[in-house]
Amino acid sequence: MYHSTKTLLASVAVAALAAGPLWAATPDNILVVAQNIDDIVTIDPASAYEFSSGEYVANTYDTLVRYDAMDTTVLAPALATEWEIDGDSKTVTFTLRDGVTFHSGNPLRGADVVGSWKRVVTLDKAPAFILKQLGWTPENIEEMVTADGNTVTVRYEGEFAPSFVLNVLAARPASIVDMETVMANEVDGDLGHAWMNKNSAGTGPFSLGTYRPADILSLTANPDYYQGGPAMERVVIQHNPEGATQRLQLEAGDIDLAKNLDPGQIAGLDGAEGVRVETYPQAAVHWVSFNQKTESLTDPAVWEAARYLVDYEGMAEGMLKGQMKVHQAFWPDGFPGALTDTPFGFDPAKARQILADAGVETPINVTMDVISAPTFVEMAQALQASFAEGGINLEIIPGTGAQVITKYRARTHEAMMLYWGPDFMDPHSNAKAFAYNADNSDDKYASTTTWRNAWMPPEEMNKKTMAALAEQDADTRLDMYMDLQKATQAEAPFVIMFQAIKQVAMRDNVQGFVNGATSDYVFYRLVEKE
């Protein structure tokens, strides 16, 4: 892997090692990033549902409103300059920005908005449920979303807080695509899906240059971007899952950013010339789940015992130091409505007693899928050791991100160690994922942790999730989400362990990189090299 990376970067670099400096320099107009991108299954914004594909969509497409690179905490105008919400008639009226063009040169039209959202709902891929929450179907969406000149009127069904509706329309699948170009590349009724997995058709600050799965993803600057063209003419993201190699490349000057260093590798950079480390709080929570299709994992006593078989503090202060903090609820700390209580600690004796009292025979032998990448494997090995003390034997099954996630979506795993980031910045995003399941049937796919683990929550939990979604009083609504988090801590087949902290190592001359709380807010547009 190291040699193939060096070969690629040599083709990009224009400067070689000089006699005096200890490092080479990447080109001033090209940002070279080393990152594990093997989780990508698809890059079409209608189907992209992985962390790395989220970063790609954020840099190549726009929504009508979005949390922007200038301030990732504020919902700001994007392709729409203004909007009006009528809660009584359940409509939002957007005014589109003048003069915006797609990468093809085609102008942005209201028809592109209608067509983009209809395409998502019709394809019905993993993230489609986000838009379908508004009551949209392939049959009614052209009545629910209409365009008249530069005005787009959005109608929705359901009792929603206005902030919820806007957060849905700022989410990844609400990205606007160039429908004229996309449909010109339709094959066998796929609405251009195959073509979109190899090309971009957005309005974003970058267009797709090259994409080869688990190899390279390069972006080309859009000089006509409505907020100003990027300073970097290209961003080259080279797949490299090895943190040790990333560190060597960064110190040598072969790359500008290293995004997958473990705590030891980060510590090893202390004092390194020309390098600094930036820290970014993240919204991703890390957890272990138990598939309810596996008979030995269906007893709630197993779920409860497992919560006492994680050495939370030991891992957070040891192998995960600086990159994870203990967090045991589904909504991340730092966002309104988050439950920050941590009621569980490492107590193998208590876990064994819970299993014994419930009449559960041990040992329980279970396979656990995990992404084969730095930190994840080490976390899994630590869990393997601590779970064994309670009578649960974990067999670790490593795989690429895409392999693990595909298996998870097919419900063919037993146990799974993964992470979850909100699909959009509203508590309902995670509540629906962890505390709600409308239909647990195999043919009723849902992009939730509940369905993917074949778990049907108690009826009361389902009702409370939908009641919180409909609650109009903001404070009451947040209290309802706190209660839901407590309920899942007590009743769900999930062991939520940590909240991520992102550490990115970079060359000192790199300025302006934005790494927001989720992958949808990783931006390269403002990057400069000084």
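In debye to the nearest 20, how big a dipole does the stretch 354-466 give about its Cα centre with +1 on each Lys and Arg Cβ and -1 on each Asp and Glu Cβ?
With Lys and Arg at +1 and Asp and Glu at -1, about 360 debye.
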(message) Among DSSP bridges having both ends in the chain, what percentage is antiparallel? Round to the nearest 5.
(response) 75
(request) Return the distance in nm (one decimal) between the two label points of a simple spin-label model at A244 and R276, each offset 7 Å from Cα along Cα→Cβ. (result) 2.9
(message) Assuming a strict under-28 Å limit between Cα atoms, what lysine pair count do you get for the stretch 255-352 once near-sequence pairs (fewer than 8 apart, same chain) are dropped?
(response) 5
(request) Assign one of three labels to the stretch 345-488, namely rounded, prolate or oblate, based on the Cα gyration tensor with a ≥ b ≥ c the square roots of its eigenvalues; rounded applies when a/c is under 1.5, prolate when it is not and a/b is larger than b/c, and oblate otherwise. (result) prolate
(request) Give the range of the longest stretch in the chain that excludes all trypsin sites (Lys or Arg not before Pro) found in loop regions by DSSP and having at most 13 other beta-carbon atoms within 10 Å. (result) 199-443
(request) Work out the FRET efficiency for A410 and N509 from their Cβ-Cβ distance, taking R0 = 45 Å, and round it to the nearest 0.05. (result) 0.50
(request) Give the relative contact order (percent, whole number) for the stretch 161-216; include only Cα pairs under 8 Å separated by 6+ residues. (result) 23
(request) Rounded, prolate or oblate: pick one for the stretch 244-402, where a ≥ b ≥ c are the square roots of the eigenvalues of its C-alpha gyration tensor, a/c under 1.5 means rounded, and failing that, prolate if a/b is larger than b/c, else oblate. (result) prolate
(request) Work from the charge dipole of the chain (Cβ charges, +1 for Lys and Arg, -1 for Asp and Glu, about the Cα centre) and give the residue of W451, A505, L131 farthest towards its positive end. (result) A505
(message) Placing unit charges on C-beta atoms (Lys and Arg positive, Asp and Glu negative, everything else neutral), compute the dipole magnitude of the stretch 156-255 about its Cα centre in debye, rounded to 20.
(response) 300
(message) Using a Cα-Cα cut-off of under 13 Å, which aspartates and glutamates could be cross-linked to K407, ignoring same-chain neighbours fewer than 8 residues away?
(response) D39, D369
(message) Is the C-alpha gyration tensor of the stretch 135-260 telling us rounded, prolate or oblate? Criteria: a/c under 1.5 is rounded; beyond that, a/b larger than b/c is prolate, otherwise oblate.
(response) prolate
(message) Can you give me the % of accessible surface on the stretch 222-279 that is carbon or sulfur? Probe 1.4 Å, all protein chains present, nothing else counted.
(response) 42
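With an 8 Å Cα cut-off and a minimum separation of 6 or more residues, compute the relative contact order for the stretch 139-264 in percent.
Details: 123 pairs, mean separation 13.8, N = 126.
Relative CO of the stretch 139-264 lands at 11 percent.
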(message) Rounded to the nearest percent, how much of the accessible area of the stretch 63-161 (1.4 Å probe, protein heavy atoms only) is carbon and sulfur?
(response) 45
(request) May I ask you to derive the relative contact order of the chain, considering only C-alpha pairs under 8 Å and at least 6 residues apart, and to give it as an integer percent? (result) 20
(request) Express the carbon and sulfur contribution to the solvent-accessible surface of the stretch 302-414 as a percent, rounded to the nearest whole number, probe 1.4 angstrom. (result) 50
(request) Determine the dipole magnitude for the chain: charges of +1 sit on the beta-carbon of Lys and Arg, -1 on that of Asp and Glu, nothing else is charged, the reference point is the Cα centre, and the result goes in debye to the nearest 20. (result) 740
(request) Quote the FRET efficiency, to the nearest 0.05, computed for T367 versus D98 with a Förster distance R0 of 56 Å and r equal to the Cβ-Cβ distance. (result) 0.50
(message) Counting heavy atoms of the protein chains only and a 1.4 Å probe, report the per residue accessible area for the chain as a whole number of Å².
(response) 38
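The values are calculated or read from the model by the stated rules, or taken from the named source; none is laboratory data. Bear in mind the structure is a predicted one, so any value in this text is a computation, not a measurement. Please note: Cβ atoms are built from the backbone with ideal geometry, for glycine as well, and neighbour counts cover all protein chains shown. In case anyone asks, the SASA skips ligands and DNA or RNA and just uses the protein heavy atoms, side chains included. Shrake-Rupley method; radii C 1.70, N 1.55, O 1.52, S 1.80 Å.
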